[in-house]
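Asks: Quick one: this structure, given as structure tokens, is what I'll be asking you about.
The values are calculated or read from the model by the stated rules, or taken from the named source; none is laboratory data. Owing to the predicted nature of the structure, the values given are computational and were not obtained by experimental measurement. Cβ: placed from backbone, ideal geometry, glycine included. Neighbour counts: every protein chain shown. In case anyone asks, the SASA skips ligands and DNA or RNA and just uses the protein heavy atoms, side chains included. Shrake-Rupley method; radii C 1.70, N 1.55, O 1.52, S 1.80 Å.
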Amino acid sequence: MFGLGKPAGQQELGRSGGLPKMASVGDFNVLSSSIPATKVELSVSCRNLLDRDTFSKSDPICVLYTQAIGNKEWREFGRTEVIDNTLNPDFVRKFIMDYFFEERENLRFDFYDVDSKSPNLSKHDFLGQMFCTLGEIVGSQGSRLEKSIVGIPGKKCGTVIVTAEELGCCRDSVLMQFCANKLDKKDFFGKSDPFLVFHRSNEDGSFTICHKTEVVKNTLNPVWQAFKISVRALCNGDYDRTIKVEVYDWDRDGSHDFIGEFTTSYRELSRGQSQFNVYEVINPKKKGKKKKYVNSGTVTLLSFLIETEVSFLDYIKGGTQINFTVAIDFTASNGNPLQPTSLHYMNPYQLNAYGMALRAVGEIIQDYDSDKMFPALGFGARLPPDGRVSHEFALNGNPQNPYCHGIDGVMEAYYRSLKSVQLYGPTNFAPVINHVARYAASVKDGSQYFVLLIITDGVISDMAQTKESIVNASRLPMSIIIVGVGPAEFDAMEELDGDVVRISSRGRFAERDIVQFVPFRDYIDRSGNHVLSMARLAKDVLAEIPEQFLSYMRVRGIKPSPAPPPYTPPVHVLQTQI
């Protein structure tokens, strides 16, 4: 990692005045202001790079770029060190990136043969590049992606191997308990009713609230209950980042009285119960006014216990596959596909709402499915040749094999179906949910998880049956995403979502929340920037999947399979040059 001494034969090449540029977190991204799901460390190796030096071998460097979501502009994220005289570099410097399952992070790795100390890349020989997504790396077997380097016509540019490793600090949680002594009395008739508020500091010096304890009534010497918080939420994995703790006296009207505050850090707290973890509570106003002011009481850490959680990536790395199925609403209420007012309008220049939603979600999920074969179903249409109504038909016309290759294959089958079937009705969800549930029921060992995307224009006709299907499916390894397109009222969908009230059928409640509903209209960008609006849509519908996935694994007691052994690059014997 960065703090280590440089191995022999390596030199720094930075961006500004030749100073070293650390491979670090890139520019602030408007979509990524939430806490990252985790951080991953990317390691880069190459084999058989182009040789651009006449008398020796190339001196390669790798430069990583990330792509802004809105304007597609590539920004430099960081550089590795330069390794002298090799066509098979194993770069030591890593790239540490925030990882969100629900976002598509496009990456570009450029390779150069360094010919001078200049940080300006145009002064060096280009050796080729590789494009991929962060999800592609993480979703590859063992989180190891091997791809050809391209970019120089007519030349074989070699291969690049990128491996992703989840950083351990991100999955730790801590169980902490605090008590206080001799806090200031704030209530006129009784003692104080104290509670603690924890804030983590941000890069810009501001603070974000991350935990509130319960209120302990009528005491100046409270003992709060132990609470659990992820290290990510407490300090974003930075052990020395300031943690500010405020002490308040609770008031019924919400105007809680400030007693005082203190600061600490994860590193200090991790010393556990000791004299280092007794904090003076200071009220800056009182301190400024009263010369004899000492403090407003003390807060003591009673216990500190670290627990490591298994993560979504542990399962993906261990080989769990995410199977993606699409179900599209072909009911007549969508309007005639030949008319521009139709939600299924086949505009040659622009995707319709169905196409946009399908691409937004599918392009992210396909990175986690090794064979990229997706079943694509339709419901609510009359099928040729006899006009029978079907609520579970294959878009590619082959009921025995409804699989399409990649999201492009799904789009193709969708457009072909629009030309051959007659939009009809009613809007029944239960058949497609049961279709995926049959597959999910056959593999409950944690090796596969199923995600069903239903895109619909609206009012559901088989509410009771759909609720029954969802309650049954909540015991299976599956999640359901519903995207509502068009102007209809989607009240029934909100009920299926189950975020407010857990869904039930005939007195049985769903074992876990597996449905996520969003109305497509909330993501239409007024400025016409479809790229940004689709990124927001994907973020919102996919954000709950990792937690739904983990809740299934936890309930079933399924542990991740061990990852394949890490890749160790072959050792190359250095030939002495004569």
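Asks: Give the Kirkwood hydrodynamic radius (Å, one decimal) of the stretch 115-237, defined as one over the mean of 1/r across all pairs of different Cα atoms.
Replies: Final number for the Kirkwood radius of the stretch 115-237 is 20.2 Å.
Asks: When Lys and Arg each count +1 and Asp and Glu each count -1, what net charge do the other residues less than 11 Å away from I322, Cβ to Cβ, add up to?
Replies: Residues close to I322 contribute a combined charge of -2.
Asks: Can you flag which of K117/K539; K212/K290; K228/K289; K191/K244; K72/K244; K147/K228 are past 31 Å Cα-Cα?
Replies: As for pairs spanning more than 31 Å Cα to Cα, those are K117/K539; K228/K289; K72/K244; K147/K228.
Asks: Let me ask something additional. Report the semi-axes of the equivalent ellipsoid for the stretch 321-556 in whole Å, largest first, where each axis is √(5λ) for an eigenvalue λ of the Cα gyration tensor.
Replies: Semi-axes, largest first: 26, 20, 19 Å.
Asks: At what distance in angstrom do the alpha carbon centres of the stretch 266-331 and the stretch 355-371 lie from each other?
Replies: 34
Asks: Using label points projected 7 Å from each Cα along Cα→Cβ, tell me how many nm separate V92 and K72, to one decimal.
Replies: Each label point lies 7 Å from its Cα, and together they span 4.0 nm.
Asks: For the stretch 164-255, what is the charge dipole size about the Cα centre, in debye to the nearest 20, if Lys and Arg each add +1 at the Cβ and Asp and Glu each add -1 at the Cβ?
Replies: With only Lys, Arg, Asp and Glu charged at Cβ, the dipole is about 380 debye.
Asks: What number comes out for the charge environment of T331, summing +1 per Lys or Arg and -1 per Asp or Glu over other residues with Cβ under 11 Å away?
Replies: -1
Asks: Could you give the length gained on full extension between N85 and K285, defined as 0.36 nm per residue of separation minus the Cα-Cα distance, in nm?
Replies: Full extension from N85 to K285 adds 65.7 nm.
Asks: Multiplying the sequence separation of V310 and N401 by 0.36 nm and subtracting their Cα-Cα distance, what value in nm do you get?
Replies: 29.2 nm
Asks: Sticking with this structure for a sec: Would you please put 188-200, 206-218 in order of how densely packed they are, using the mean number of other Cβ atoms within 10 angstrom per residue and starting with the highest?
Replies: Top of the packing list down: 188-200, 206-218.
Asks: I've got another one for you. Of the chymotrypsin sites (Phe, Trp or Tyr not before Pro) in the stretch 281-371, which ones lie in a loop per DSSP and count no more than 11 other C-beta atoms within 10 Å?
Replies: Y349
Asks: Sequence gap at least 6, Cα distance under 8 Å: using those rules, report the relative contact order of the stretch 321-556 to the nearest whole percent.
Replies: 20
Asks: How much of the accessible area of the chain, probe 1.4 Å, is carbon plus sulfur, in whole percent?
Replies: 52
Asks: Calculated from DSSP H runs of 4 or more alone, at -39500 (n - 2.57) each and per residue, what is the 222 nm mean residue ellipticity of the chain, nearest 500?
Replies: Result for the chain, helices only: -5500 deg cm²/dmol.
Asks: Write down the accessible area per residue of the chain in Å², having rolled a 1.4 Å probe over the full set of protein chains.
Replies: 47
Asks: While we're looking at this one, here's another question. Which order do R359, R508 take by accessible area at a 1.4 Å probe, largest first?
Replies: Correct descending sequence by accessible area is R508, R359.
Asks: Over the chain, calculate the relative contact order: mean separation of alpha carbon pairs under 8 Å at least 6 apart, over the residue count, as a percent.
Replies: The normalised contact order for the chain reaches 11 percent.
Asks: A follow-up question, please. So what is the relative contact order of the stretch 304-428, in percent, for Cα pairs below 8 Å that sit 6 or more residues apart?
Replies: Computed value for the stretch 304-428: 27 percent relative contact order.
Asks: I would also like to ask the following. If r is the Cβ-Cβ distance from M373 to I161 and R0 is 22 Å, what FRET efficiency results, to the nearest 0.05?
Replies: 0.30
Asks: Which sequence of T263, T242, T300 reflects their accessible areas, 1.4 Å probe, from the largest down?
Replies: My answer, sorted largest first, is T263, T242, T300.
Asks: Let me ask something else about it. Evaluate 2.2 N^0.38 Å with N set to the residue count of the stretch 172-308, then give the Cα radius of gyration divided by it.
Replies: It is 1.04.
Asks: Then there is this: Mind giving me the FRET efficiency for D257 and N202? R0 is 25 Å, r the Cβ-Cβ distance, nearest 0.05 is fine.
Replies: 0.45
Asks: Could you sort 71-79, 390-398, 121-129 so that the peptide with the highest average Cβ count within 10 Å comes first and the rest follow in order?
Replies: 390-398, 121-129, 71-79
Asks: Looking at the stretch 438-490, which trypsin sites (Lys or Arg not before Pro) are DSSP coil and have at most 15 other C-beta atoms within 10 Å of their C-beta?
Replies: Here the sparse-neighbourhood loop sites are K444.
Asks: Next question, about the same structure. What does the net charge come to around M411 if you take all other residues with beta carbon closer than 12 Å to its beta carbon, with K and R at +1 and D and E at -1?
Replies: -1
Asks: OK, next. Run the simple label-point estimate for D540 and E412 please: 7 Å along Cα→C-beta, distance reported in nm.
Replies: Roughly 3.3 nm, to one decimal.
Asks: When the Cα atoms of the stretch 38-167 are enclosed in a convex hull and the volume is divided per residue, what value in Å³ results?
Replies: With only Cα atoms used, the stretch 38-167 gives 110 Å³ per residue.
Asks: Using a 7 Å offset from Cα along Cα-Cβ at T298, what residues in the stretch 172-203 end up with backbone N under 17 Å from the label point?
Replies: In the stretch 172-203, the label zone of T298 (backbone N under 17 Å from the point 7 Å along Cα→Cβ) covers 178-184.
Asks: I'd like the FRET efficiency for K212 and D53, computed as 1/(1 + (r/R0)^6) with the beta carbon distance as r and R0 of 51 Å, rounded to 0.05.
Replies: 0.25
Asks: Over every pair of different alpha-carbon atoms in the chain, take the mean of 1/r and invert it; report that Kirkwood radius in Å.
Replies: Answer for the chain: a Kirkwood hydrodynamic radius of 27.4 Å.
Asks: Right, next: Over the heavy atoms of W250, what accessible area does a 1.4 Å probe trace out, to the nearest 10 Å²?
Replies: 60
Asks: Please give me, ordered by residue number, the GluC sites (Glu not before Pro) of the stretch 449-517 that lie in loop per DSSP and have at most 16 other Cβ atoms within 10 Å.
Replies: Answer by residue number: E489, E511.
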